[in-house]
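None of the figures in this text is laboratory data; all of them are computed from the coordinates on show. Note that this is a predicted model, so its numbers are computed, not measured. When we count neighbours, we look across all protein chains shown, and the Cβ atoms used for this are built from the backbone with ideal geometry, even at glycine.
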Amino acid sequence: MNGPLRHIAVVGAGRMGEGIALAFAQAGLQVSLIDLKQRAAQADHFQALRRNLEAEAHSLVALELIGSVQAEQLLARIQLLTRAQGEPALAGCRLVFEAVPEVLAAKREAMAWIDRHAPADGIIASTTSTFLVTELAQMVSAPQRLLNAHWLNPAHLMPLVEVSRSEQTCEAKLAELLATLQGIGKVAVVCNAAPGFIVPRLQALVMNEAARMVEEGVASAEQIDLAVRSGFGPRFSVLGLLEFIDWGGGDILHHASAYLSQHLGERYQAAQAVRDNMAAGRNGLREGLGFYDYRHIDVPAYRQARLAALVQRLRQAGLAPYFASGLEALDQPLLL
């Protein structure tokens, strides 16, 4: 099947399915949003789904991302279909997203149905956040066309989509899915099949650690979240985690990890990769090598660019430092 992609299908009309439908409709594509479950009151259910989509479209207008006329156009591009109506629609879609509930039996049923009705040379992309693509590949007749595309909620707003593949996945199918996601403005990253993917695995650790700090009385929930919003968040919206290790120095993380693990437990031990880099003298920017290779870049220019991006984030959040001409600029007098 050649030519530009104009029509995609989403099988599963829950929260994730609605978000994916909105994302593609906003990018100008026609979307068949298929409710696979057979219901006694299908019309009532579709009315509720349409109200949900309308509410999200109105939210986009309120957020000044689209206008009211565009909201109407957006909604007109999404067609709600029953299982029976979805069969012929699926036949014309070379890209199908599976977004049914995270229940193995539901996944098997959806995959079998999609496998029967979707074009043989198309792409099936599961949005699962639970099951590995290697497990799902066994549910279809042509595993080379199956991938996992894990979207972050809300799917129509969050830019990241984590794409994972099995050993059987066709490279051309992977490339087509990545190009399609990038074409609608998403940031698509590729990872191997592993529990937690990238972001869920990282955020589970951070969120649980924040909860432990509340349990231990380290700080209140409000103070912890304020620290995250004003420190952790702005920093890591500019520098990736591994990039930040190189920025500060892998040896710094190694020594800090040794202290923290002594007091807080084994979960704080430095990763073997950090220990290996330190042993080899690959501590980051200082040595020109770390998780990244800095030997052939203009390091001062790189630093300045990252700092400029940080200042932009801080300005947007109203947190940028400012220059005062004298003590009279302070709200309260200094106690000398």
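If I stretch the segment between Ile252 and His45 completely, what's the gain in nm (0.36 nm per residue apart, minus their alpha carbon distance), one decimal? Before the final figure, lay out the partial values.
Numbers: separation 207, 0.36 × 207 = 74.52 nm, distance 5.58 nm.
Between Ile252 and His45, full extension yields 68.9 nm more.
With just the Cα atoms defining each centre, how far is the range 141-169 from the range 87-113? Give it in Å.
14 Å
Amide H to amide H, which residues 5 or more places from Cys191 or on other chains are under 5 Å from it, using H placed in the peptide plane?
Amide H to amide H, under 5 Å and 5 or more residues apart or across chains, Cys191 pairs with Val163, Ser164, Arg165.
Work out from phi, with θ = phi - 60° and the Karplus expression 6.51 cos²θ - 1.76 cosθ + 1.60, the ³J(HN,Hα) of each residue of the range 82-92, listed in order in whole Hz, and give x for Gly and Pro.
7, 4, 5, 5, x, 4, x, 5, 4, 4, x
For the range 7-192, give the share of DSSP beta bridges that are antiparallel, in percent and rounded to the nearest 5; count only bridges with both residues there.
Counting DSSP beta bridges with both partners in the range 7-192, the antiparallel share is about 15 percent.
What are the ³J(HN,Hα) couplings of the range 105-115, residue after residue, when phi is run through the Karplus curve with 6.51, -1.76, 1.60 and θ = phi - 60°? Round to Hz, x for glycine and proline.
4, 5, 5, 4, 5, 5, 5, 4, 5, 4, 4
Can you tell me how much longer the chain between Arg235 and Arg15 gets when fully stretched, taken as 0.36 nm per residue apart minus their C-alpha distance, in nm with one decimal?
Details: separation 220, 0.36 × 220 = 79.20 nm, distance 3.02 nm.
Using 0.36 nm per residue and subtracting the Cα-Cα distance, I get 76.2 nm.
Among (1) 25.5, 83; (2) 24.2, 80; (3) 21.0, 67, which is the computed Rg and Dmax of the Cα atoms in Å?
Evaluating Rg and Dmax of the Cα atoms in Å on these atoms matches (2).
What does DSSP give for the chain in terms of the percent of beta bridges that are antiparallel, rounded to the nearest 5?
Counting DSSP beta bridges with both partners in the chain, the antiparallel share is about 20 percent.
Taking amide H atoms as placed 1.01 Å from N in the peptide plane, list the residues 5 or more away in sequence, or in a different chain, whose amide H sits under 5 Å from that of Glu98.
Val11, Ala125, Ser126, Thr127
Whole-Hz Karplus ³J(HN,Hα) for the range 298-307, in order, using 6.51 cos²θ - 1.76 cosθ + 1.60 and θ = phi - 60°, x for Gly and Pro?
Per-residue couplings from phi come out as 7, 4, x, 5, 4, 4, 5, 5, 5, 5 Hz.
How many nm separate the modelled label positions at Val214 and Ala175, each set 7 Å beyond the Cα in the direction of the Cβ?
It works out to 4.8 nm between the two label points.
Can you work out the FRET efficiency for the pair Asp225 and Ile198, with r the C-beta to C-beta distance and R0 = 22 Å, to the nearest 0.05?
Numbers: r = 23 Å, r/R0 = 1.03.
Rounded to the nearest 0.05, the efficiency is 0.45.
Report the percentage of all Cα-Cα pairs in the range 199-316 whose separation exceeds 22 Å, rounded to a whole percent.
46 percent
Which distance in nm do the two modelled labels at Lys37 and Val187 give, with both placed 7 Å along the Cα-to-Cβ direction?
Once both label points are built, they end up 3.4 nm from each other.
In terms of Cα to Cα distance under 26 Å, which lysines are near enough to Lys173, apart from those fewer than 8 places away along the same chain?
Straight-line reach from Lys173, under 26 Å: Lys107, Lys186.
Starting from 0.36 nm per residue, how many nanometres of slack lie between Glu87 and Leu264 once their C-alpha separation is accounted for?
58.2 nm is the gain from fully extending Glu87 to Leu264.
Sorted by packing (mean other beta-carbon atoms within 10 Å per residue), highest first, where do 130-136, 96-102 land?
Highest mean packing first, the order is 96-102, 130-136.
Round to the nearest 10 and give me the degree value, 0 to 90, for the angle of helix 42-62's Cα axis relative to the longest principal axis of the chain.
40 degrees
Along the positive direction of the dipole of the range 7-192 (beta-carbon charges: Lys, Arg +1; Asp, Glu -1; about the Cα centre), which of Ala105, Leu136, Val187 reaches farthest?
Checking the options against the dipole of the range 7-192, the answer is Ala105.
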